[in-house]
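> Structure incoming, see below.
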Amino acid sequence: MGHTLSKLRLAVKELTRLTQLYDDIYKRLLASPGIPDASKPTTKSFWTVPASPISTHISKELPEHADIVIIGSGITGASVVYNILEYVPSGSLTIVMLEAREACSGATARNGGHINPPLWHDYADLKGVYGEKEAKTIIKFRLAHLREMMDVAVSENIVDHCQIREVETVDVYFDDARFGTAEEAFKVWQMDMSADTDTFYAADKESAIKVCYCILEGKYRVMDSGYSASLQNFGLADEVSGAIIGAAGAVHPYRFVTSILSNLLKRHPDHFFLSTHTPCTGIHSSPRGYTVVTPLGTITTPHVVHATNAWVSHLVTSLRTKVVPIRGNMTAQRPGQALSRSTLDGYRAHIFYRDQGYDYLTQLPDGEHELMFGGGFAQQNKNGLSEVADLDDGSLNWGITNHLGGALPHYFGPSNWGAEAQPSNSSERDVADWPSGRMKSFWTGILGISVDGRPWVGRLPPIMTRRHPPVPLPGKSPLTSAPSEWIAAGYSGEGMPHAWMSGKGLAYMVLGVEKETGLYEWFPESFIVSDKRRRKANVEDVLDRFRK
Ligand SMILES: Cc1cc2nc3c(=O)[nH]c(=O)nc-3n(C[C@H](O)[C@H](O)[C@H](O)COP(=O)(O)OP(=O)(O)OC[C@H]3O[C@@H](n4cnc5c(N)ncnc54)[C@H](O)[C@@H]3O)c2cc1C
């Protein structure tokens, strides 16, 4: 009896602790994410060194009126402004982009650089919820990103600078049960989308597998279909249960975005204005237009684009607990001396799955071939719940950082890792005083998690902004759609295969050219924002996902 009582007491104590934990999380989720504060120091993202010449750009004089004001200068804001200015005749629209801190200083500058579209990973779930047609549209939308971003990089002449490239991607499983589930999901996806799955193969320990390297030329193309290999060829630890190999992309996200913004500033000096260190602190509406408030003054405009991702619910309060900020952790590490065979010097990327959660890895193709390694969320005490609604990218999570600092030699195994690297003196990137050990840099960044798992893109209904849209003025800005606030946000952990095309889709919506551009032939309908969807989206679903 005494034994049962003490067990009960322990259970009650644990329940109280959990209740307290979830109460704290809810309190944080209900609070405003605020505005990124430029006066507070941040952890130093490896990508942002050296800083872009436009990092602190402020256009000499901000116009008092603009056709479109974009809030946020990450990949979403960059895509919206790029795709609008590419579409309309030069000089026909004036666009202002406001950024609270330095140019591209949010999640885009602090991520893993992996353009890795989820495919079989959630295809069956998507099919179950939205039907086969929409599930396929979503998968194709994700797959389209690498091609599109590569095309943009070519036309902007930034391919080498932003290191955009196709990589072989390896999903590595250390857990038989998880590998089994993944194989099943892979088969469902492959059966439904065989035309898009040529380059993916599941490999288990016993059977030799066929690996096909491919390049993107409009569509995946098999280059070397005769090549065969077993898991051993991938230079992974002996404990691996299996792997799924395919094609994905990698990019230097900070350089991709800042180079595009820089080119646009040069091409449109009188019509594109970037104002860094200029937070939007409020938006008021009147029948004549929106008034966007900043510390440098106000701007009137018929269109406001919210490209603020994790911070979106500060200005669009109805999205609180719908797009949820979560802090992610990243590292830049020197590779072990023998690792080249495993990572192909920047041309092979990895996702590692153990019993819970996952970690992700890309590698730079030059310099010291730094390993850009992130994740650690589920491995952290309390399933990383402490990171939910934590908007402090000026500090690190102790447990996650330690996990990231130690996991890689285990994932590859000691012989594949080899001796620790000696820092190279010749690395031109080392303008910062990086430490000389394996760990060059640790940092955090803030993701925007969509609680229903889909990005939020489109025209924000007034019921969600709680502001009336201005009245369309006849003859005014005929190049754009009816005045409104707009959004593209909430890509969860996968911004690289969602944000650029969401921004492109949104650009066409703002211009009102959905039909002319055939937008809905490729844009997933289920991403479109509506108040009905907002009411249905339940934050507990996302907390549930983290608990698993
Ligand atoms: C640690 C980490 C690792 C990740 N790894 C990957 C990965 O490997 N692959 C992948 O696909 N995705 C990854 N992601 C997710 C991806 O980075 C994001 O989904 C994507 O960058 C979001 O881009 P964005 O432009 O919408 O937002 P952001 O890049 O966050 O840009 C929003 C901008 O808005 C500004 N802002 C906010 N409020 C205001 C205001 N009121 N006024 C003015 N400016 C404001 C912010 O300062 C910020 O610069 C990762 C994210 C993190 C944090």
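> At a threshold of 8 angstrom on Cα-Cα distance, excluding pairs fewer than six apart, so keeping six or more, what relative contact order does the chain reach in percent?
Computed value for the chain: 22 percent relative contact order.
> For the pair residue 51 and residue 525, how long in nm is the line joining their label points, each one 7 Å along Cα→Cβ?
Distance between label points: 4.7 nm.
> Further, regarding this structure: Which value at 222 nm does the chain reach when only helices count, each DSSP H run of 4 or more adding -39,500 (n - 2.57), with the total divided by all residues and rounded to the nearest 500 deg cm²/dmol?
-9500 deg cm²/dmol
> Across the stretch 457-469, in residue order, what do the Karplus-derived ³J(HN,Hα) couplings come to in whole Hz, using 6.51 cos²θ - 1.76 cosθ + 1.60 with θ = phi - 60° and x for Gly and Pro?
9, x, 6, 7, x, x, 5, 8, 8, 6, 9, 7, x
> Return the sequence-ordered ³J(HN,Hα) values of the stretch 385-393 in whole Hz as given by the Karplus equation 6.51 cos²θ - 1.76 cosθ + 1.60 applied to θ = phi - 60°, using x for Gly and Pro.
4, 5, 7, 5, 6, 9, 9, 8, 8
> Here's something else I'd like to know. Any chance you could run the full-extension gain for residue 433 through residue 347? It's 0.36 nm times the residue separation minus the Cα-Cα distance, nm to one decimal.
28.3 nm
> Provide the per-residue ³J(HN,Hα) series for the stretch 482-488, in order, calculated from phi with Karplus coefficients 6.51, -1.76, 1.60 and θ = phi - 60°, each as a whole number of Hz, with x at glycine and proline positions.
Computed from phi, the couplings for the stretch 482-488 are 4, x, 5, 9, 9, 9, 9 Hz.
> Provide the packing ranking of 323-330, 103-110, 145-152, 286-293, i.e. peptides ordered by the mean count of other C-beta atoms within 10 Å per residue, highest first.
Going by the mean number of other Cβ atoms within 10 Å, highest first, we get 103-110, 323-330, 145-152, 286-293.
> Using unit Cβ charges (K, R positive; D, E negative) and no other charged atoms, how large, in debye to the nearest 20, is the dipole of the chain about its Cα centre?
1600 debye
> Report, by chain and number, residues whose modeled amide H sits under 5 Å from the one on residue 115, excluding near sequence neighbours (fewer than 5 apart, same chain).
Placed amide hydrogens put 249, 250, 251 under 5 Å from residue 115.
> Moving on to the next point. Amide H to amide H under 5 Å from residue 338: which residues, 5+ apart in sequence or cross-chain, H placed 1.01 Å off N in plane?
Those lying under 5 Å, H to H, from residue 338 are 418, 419.
> In straight Cα distance, which aspartates and glutamates are under 14 Å from residue 136, not counting same-chain residues fewer than 8 positions off?
122, 125, 192, 196, 521, 525
> While we're here: Before anything else, pin down the relative contact order of the stretch 275-403: Cα pairs under 8 Å, at least 6 apart, normalised by residue count, whole percent.
The normalised contact order for the stretch 275-403 reaches 19 percent.
> Assuming 0.36 nm per residue, please report the length gained on full extension of the stretch residue 37 to residue 148 beyond their Cα-Cα distance.
Result: 36.7 nm gained on full extension.
> I'd like to know which of 258, 326, 365 lies farthest towards the positive end of the charge dipole of the chain, counting +1 on Cβ of Lys and Arg and -1 on Cβ of Asp and Glu.
Value: 326.
> At a probe size of 1.4 Å, how large is the accessible area of residue 532, to the nearest 10 Å²?
Looks like 150 Å² after rounding.
> Tell me, what is the FRET efficiency for residue 86 and residue 188 to the nearest 0.05, using R0 = 35 angstrom and their Cβ-Cβ distance as r?
Calculated transfer efficiency: 0.40.
> Which whole-angstrom value gives the distance between the alpha carbon centres of the stretch 1-77 and the stretch 303-357?
Measuring centre to centre over Cα atoms gives 13 Å.
> For the chain, what is Rg from Cα atoms divided by 2.2 N^0.38 Å, rounded to two decimals?
Relative to the rule-of-thumb radius for its length, the chain sits at 0.97.
> While we're on this one: Give the relative contact order (percent, whole number) for the stretch 252-343; include only Cα pairs under 8 Å separated by 6+ residues.
12 percent
> Among the listed pairs 133/504; 187/322; 266/504; 322/504; 40/504, give every one whose C-alpha distance is greater than 29 Å.
With Cα atoms farther than 29 Å apart: 187/322; 40/504.
> If r is the Cβ-Cβ distance from residue 161 to residue 8 and R0 is 56 Å, what FRET efficiency results, to the nearest 0.05?
E(calc), rounded to 0.05, equals 0.35.
> Taking the Cα of residue 424, stepping 7 Å toward and past its beta carbon, and measuring to each backbone N in the stretch 247-261: which are under 20 Å?
Once the point is set 7 Å along Cα→Cβ of residue 424, 250-253, 255 turn out to lie under 20 Å by backbone N, inside the stretch 247-261.
> Another question, then. Once ligands and nucleic acids are excluded and a 1.4 Å probe is used, how much of residue 49 is accessible, expressed in Å² to the nearest 10?
20 Å²
> Now, a different point. Can you give the angle from 0 to 90° between the axis of helix 253-267 and the longest principal axis of the chain, with both taken from C-alpha atoms, to the nearest 10?
30 degrees
> I would also like to ask the following. Roughly to the nearest percent, how much of the accessible area of the chain is carbon and sulfur, given a 1.4 Å probe?
Roughly 54 percent of what the probe reaches on the chain is carbon or sulfur.
> Calculate, for the chain, the solvent-accessible area per residue in square angstrom, rolling a 1.4 angstrom probe over the heavy atoms of the protein chains.
42 Å²
> May I ask you to list the GluC sites (Glu not before Pro) in the stretch 420-521 that are in a DSSP loop and have at most 10 other Cβ atoms within 10 Å of their Cβ?
Those satisfying the criteria are 428, 516.
> Enumerate the aspartates and glutamates that residue 27 could reach by cross-link, defined here as Cα to Cα under 15 Å, with residues fewer than 8 away along the same chain left out.
Leaving aside aspartates and glutamates fewer than 8 places away in the same chain, those within reach of residue 27 are 387, 390, 540.
The values are calculated or read from the model by the stated rules, or taken from the named source; none is laboratory data. Model, not experiment: these values are computed from the prediction. Positions of Cβ are backbone-derived with ideal geometry, glycine not excepted, and every protein chain shown enters the neighbour counts. The protein model used for the area step is the full one, side chains on, heavy atoms only, and it has no ligands, DNA or RNA in it. Shrake-Rupley method; radii C 1.70, N 1.55, O 1.52, S 1.80 Å.
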